[in-house]
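Nothing in this text is a laboratory measurement; each read-out follows from the coordinates by a stated rule. Remember, it's a predicted structure, so these values are computed and weren't measured experimentally. Positions of Cβ are backbone-derived with ideal geometry, glycine not excepted, and every protein chain shown enters the neighbour counts.
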Amino acid sequence: MSEDELTFRAAYWPVLLLRALPALALAAFITFSSDHSPALGLAAFGAFAILSGLITAGLGARVLRGPAARLRTSALVQGSLTVVAGVAALLARDGGVLVLLYVVSVWAVVTGFLELVAGLRSRGRVPGASDAVTTGALTVVLAVAFLLVPPDLVVQYGGVEQREGQLTAPVVAVGLLGAYAAIVGVFLVIAALSMKWGTSTPAATSAADAPRTTESAS
């Protein structure tokens, strides 16, 4: 592993970890909230998107330079669009389930493909490119899932204790958003720690190999 790659890894893993925090916070908030209304979904997504977009565009673009130019451009555009989507969600938080499905699906399609394509083009040359591919693919899957949710979905159900209820489009959409946030958040934490553990210095590696070299010479 070259010194440039070690330097890049040391600078980039905190960005991945910081990107995980808004996603994990969103997942926890949705999980422990009994309100899965469109208004809550839009407000929660809006807060997540603004914070996540600022981290992606601000910190990611500062680290992604040189061979990572494609990822840098993607981070700038992706982060900016994510902030715009977050602001739109907050402004339209009373717009209902159609607005929730539209805002999240459009955001997920555009930013997911941006990150996916940038990761594919940089794979094999930039550490973390495969992580971008995975995160982008997960975001595209979220878009597909949202597009498959019928806005007028209403399913009656009865529980074990014969408690009747309804499974509606807002409940499904907010639940999908929470599941996506949990998966992406955990993945980014794992990716960040894996990159951090790969930042051992060449000096340390050489020192560890020195005894073996001495033994071979003798």
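Put in line by how crowded their Cβ is, counting other Cβ atoms within 10 Å and starting with the fewest, Ile30, Ile50 read Ile50, Ile30. Put in line by how crowded their Cβ is, counting other Cβ atoms within 10 Å and starting with the fewest, Ser34, Ser194 read Ser34, Ser194. Here the translational diffusion coefficient of the stretch 106-197 follows from Stokes-Einstein with Rh set to the Kirkwood radius across Cα pairs; for 10 °C and 1.306 mPa s it amounts to 105 µm²/s.
Gain on full extension, evaluated as 0.36 nm per residue between Ala179 and Leu21 minus their Cα-Cα distance, stands at 55.4 nm.
Cβ-to-Cβ counts within 10 Å put Trp13, Trp107, Trp197 in ascending order as Trp197, Trp13, Trp107, the fewest first. For the stretch 79-186, the set of GluC sites (Glu not before Pro) satisfying both a DSSP loop assignment and a count of at most 15 other C-beta atoms within 10 Å is given as Glu161.
Taking a ≥ b ≥ c as the square roots of the eigenvalues of the Cα gyration tensor, an a/c ratio of 1.5 or more together with a/b no larger than b/c marks the stretch 46-152 as oblate.
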